[in-house]
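Reviewing the structure listed below.
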Amino acid sequence: MSAEILMNVTPTETRVALIENGILQEIHIERQAKRGLVGNIYVGKVSRVLPGMQAAFIDIGLDKAAFLHASDIVTQLEQAEDIARGTLPTADIAQLVRPGQQILVQVVKDPLGTKGARLTTDITIPSRYMVLMPQSPHVGISQRIEDEQERDRLKKAAMPYCDGDSGFIVRTAAEGAADDELQRDAKFLRRLWDTIQARRKGMRKIGLVYEDLNLSCRILRDFVGEQIERIRVDSRVTYDLLNEFVKEFIPELSDALEYYSGERPIFDLFDVENEVQRALDRKVELKSGGSIIIDQTEAMTTIDINTGGFVGHRNLEETIFNTNTEATQAIARQLRLRNLGGIIIIDFIDMQNADHRRRVLHSLEQALGKDRAKTSINGFTSLGLVEMTRKRTRESLEHVLCSECPVCGGRGSMKTIETVCYEVMREIVRVNRAYAADHFVVYASAAVTEMLLNEESHALAELEVFIGKQVKVLVEPLYNQEQFDVVMM
């Protein structure tokens, strides 16, 4: 599998596209005014303690108070393991924090919608190969490293850098790394933690202590080990910054990094702009003629599969199976591309054959195997729906690029012209009964005005006879289809 990273950088926005086999798979967007908070470390002040929720609200200097659950205040690894085994109950939130107390916290989830950021006191600081855990004196190895000998080697290599208070997690990218590379990472993280502690001691007010790397650097740090063949950047300033970053932390990517100076916009190389536009549509066409419909709600995302124009070549059951199998690939790509997370319900076309259902689930699992976000599939429910979850740590593509429609207010649909016409006539009757007027003037959109004066002209004439007054209809160009005014004269 060939993979390439494209970076489109402007003074106000950075966009990163992951291309696999010539097809856009992921898009990451960071705007200077709305940069993500995950990984940032703050000095916060406890504003409210809620024993009933076993949580506290922490003021870290943002518009919305952040949320800290009691389970996220457990910082010692052995305590966390005991809680997981059920041998140590979580301490009461009222015993852990008190209103007005200053506390060092880290953001683990960005604010989403009306919810504030999610916090933890278990600080972690990632680098190229290792993650520093300042409050957990242990060494953990990434579960993706399966070779037992390599796991033992990495654990022995990391142990000398632990002290009585802190430890490390060895990341997947460390597989095969030399001992001196791990040593360099460990020393860098120690220096960084010392700097954070010094800043913490010098701060008298709440606020930011440490800010995570910007998007372009994070992408290189997180995608190492993904067989990236080429990284193209269209900004000379960002290229120089990444060049220094790569030399210090990821020297094996030095040959892959290049500055793109072509006249053609970098995202046009793989039709990224059009792919992003299509990722905002509800409907995704399948090559066979079928389609999937994706709807995001506050609680979950629902995905519906339709055969559309695909009639198959053998029988109905085979047609349904082939459409569902093709849809699994499209679903996995759309989840990554749109960054959909949380609860996801998939309504596959009903399959009577149990083997077909099993093979469709297997196909979905295989397709999701390329996703770096954690996913979990619960299988078919009694209603024939597939329940799954995908870890959500940032806003979806739709929430980043779009806002609520000012016309429909987020409903996703508008009243028909006929419905608005009847609303106008009911409003005239209501106003006539409540107030004394000689005649009425209706201001409405062009479409509504046209229907009132043509298709509904007979109904409007009957209304004038019913109320005994004249009704004049005028166009208001600035009104949308649902807007109108009834004016008494």
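The values are calculated or read from the model by the stated rules, or taken from the named source; none is laboratory data. The shown structure was predicted, so the numbers you read here are calculated from the model rather than taken from an experiment. As a convention, Cβ positions derive from the backbone with ideal geometry for all residues, glycine included, and neighbour counts pool all protein chains shown. For the accessible areas, the whole protein counts, side chains as well, though only heavy atoms, and no ligand, DNA or RNA atoms are used. Shrake-Rupley method; radii C 1.70, N 1.55, O 1.52, S 1.80 Å.
Summary value for the chain: 12 percent relative contact order, contacts being C-alpha pairs under 8 angstrom separated by 6+ residues. Amide H to amide H, with H built 1.01 Å from N, Met130 comes under 5 Å of Arg171, counting only residues 5 or more places away or on other chains. The candidates Asp63, Asp92, arranged from most to least accessible area with a 1.4 Å probe in the full protein assembly, appear as Asp63, Asp92. Under the convention that each Lys and Arg Cβ holds +1 and each Asp and Glu Cβ holds -1, the size of the dipole of the stretch 321-420 around its Cα centre is about 480 debye.
The slack in the chain from Val407 to Met203, taken as 0.36 nm per residue of separation less the alpha-carbon distance, amounts to 68.7 nm. Computed from backbone phi, the HN-Hα couplings of the stretch 431-439 come to 5, 4, 6, 8, 9, 8, 8, 7, 7 Hz, rounded to whole numbers (Karplus: 6.51 cos²θ - 1.76 cosθ + 1.60, θ = phi - 60°; Gly and Pro given as x).
Here the stretch 366-489 is treated as an ellipsoid with the same Cα gyration tensor; its semi-axes, largest first and in whole Å, are 50, 16, 12. Computed about its Cα centre, the charge dipole of the chain is approximately 1660 debye, with only Lys, Arg, Asp and Glu carrying charge at their Cβ. For Ile58, the amide hydrogen comes within under 5 Å of the amide hydrogens of Ser47, Ala66, Phe67, Leu68, counting only partners 5 or more places away or on other chains and with H modelled in the peptide plane. In terms of its C-alpha gyration tensor, the chain comes out prolate, because a/c is 1.5 or above and the ratio a/b outweighs b/c. Among the lysines of the stretch 100-230, pairs at least eight places apart or on separate chains and with Cα atoms under 29 Å apart come to 8.
Annotation note: trypsin sites (Lys or Arg not before Pro) in the stretch 134-176 located in DSSP loop regions with a Cβ neighbour count of at most 13 within 10 Å are Arg144. Protein heavy-atom surface of the chain, 1.4 angstrom probe: 49% of the accessible area is carbon and sulfur, with nucleic acids and ligands not counted. Across the stretch 443-454, coupling constants 3J(HN,Hα) worked out from phi with the 6.51/-1.76/1.60 Karplus curve, θ = phi - 60°, read 9, 8, 5, 4, 5, 5, 4, 4, 5, 5, 8, 10 Hz, and Gly and Pro carry x.
Solvent-accessible area per residue for the chain at a 1.4 Å probe radius, Å²?
53 Å²
Using modelled backbone amide H atoms (1.01 Å from N, in-plane), which distant-in-sequence or interchain residues come within less than 5 Å of His439's amide H? Under 5 Å from the amide H of His439: Met489. Is the stretch 231-385 rounded, prolate or oblate when judged by the Cα gyration tensor, a ≥ b ≥ c being the square roots of its eigenvalues, rounded requiring a/c under 1.5 and prolate requiring a/b larger than b/c? Note, shape of the stretch 231-385 comes out prolate.
Site-free segments of the chain were taken between GluC sites (Glu not before Pro) in DSSP loops having at most 16 other Cβ atoms within 10 Å, sites themselves excluded; the longest one is 1-145.
Here the Karplus curve 6.51 cos²θ - 1.76 cosθ + 1.60, taken at θ = phi - 60°, turns the phi angles of the stretch 105-119 into couplings of 9, 10, 7, 10, 8, 5, x, 10, x, 8, 8, x, 5, 9, 10 Hz, with x standing for Gly and Pro.
Rounded to the nearest 20 debye, the dipole size of the stretch 186-236 about its Cα centre is 480 debye, using +1 on the Cβ of Lys and Arg and -1 on the Cβ of Asp and Glu.
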